[in-house]
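To start, the structure itself, in structure tokens.
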Amino acid sequence: ALRALNKSLELAPNNWTCEFHIAEVQRQTGLLPQAVAGFQHVREIAPPEALPPVLLSLTETQLALAQHERATSFLARAPESFLDAIATSLELINIGAQYKRSAWKVAADALLGLAEFDAFDDSEAVLGRLAKIVGNRSSDRLTRILQYPLLPEGKKAIQLDGSVARKLLVATCA
């Protein structure tokens, strides 16, 4: 399938649908880093009306890559891939109403993956990216089980661990 799609791409360069299908085949055959790169390229060249399904495929692939990295002990890379999946999911949530449920599921699964880490190499960067999910808004329904604000405020030094991701997971799924 990849050979045929690559041949099609040679005949019609910059054909975003062909590149999309190449990335999809790469994802389905376990070539996850290549698939992520492929979907990112398609995201740049696809027309605006095609962006939601491209973003959905990208975020699902980023999540699969993160889970694969965690399972194969690439523990330094996995948190970044989980955060990439969350960022792409949030982008999709903001533009594609029909894909919101799928995007929130990927974001929740990525938060669940992050919750398994005891610490992060760059806590401030992780915190900055997680803050985009729910910020420091409180929910009356959750005040008995979560302490607000969910994320530390200001520039104080923190040791961020998976418990913050668990709190955000509960808050976003509630």
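The numbers here are math on the coordinates, done by the rules we state, and not lab data. Note that the structure is predicted; figures quoted are calculated from it, not measured. Cβ coordinates were reconstructed from backbone atoms using ideal geometry, including for glycine residues, and neighbour counts include every protein chain displayed.
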**Report entry** Whole-Hz couplings from phi, Karplus 6.51/-1.76/1.60, listed for segment 45-62; x for Gly and Pro
**Finding:** 10, 6, x, x, 5, 8, 4, x, x, 5, 5, 4, 5, 5, 5, 5, 6, 4
Query - Coordinate range along principal axes, alpha carbons of segment 1-131, Å, largest first - result: 49, 33, 22
Report task. Order these peptides, 23-29, 122-128, 33-39, 77-83, by their mean beta-carbon neighbour count within 10 angstrom, highest first. Result -> 77-83, 33-39, 23-29, 122-128
Query raised in the report: Could you give the length gained on full extension between ILE45 and ARG77, defined as 0.36 nm per residue of separation minus the Cα-Cα distance, in nm?
Result: 8.8 nm
Query raised in the report: When the chain is fully extended, how far beyond the present Cα-Cα distance does LEU112 get from THR17, taking 0.36 nm per residue of separation?
Result: 31.0 nm
Query raised in the report: Once the Cβ-Cβ distance between LYS7 and SER123 is put in as r, and R0 is 41 Å, what FRET efficiency do you end up with, to the nearest 0.05?
Result: 0.30
Requested in this report: Let me know the Rg and Dmax you get for segment 81-126 when you use only its Cα atoms, in Å.
Outcome: 11.6, 36
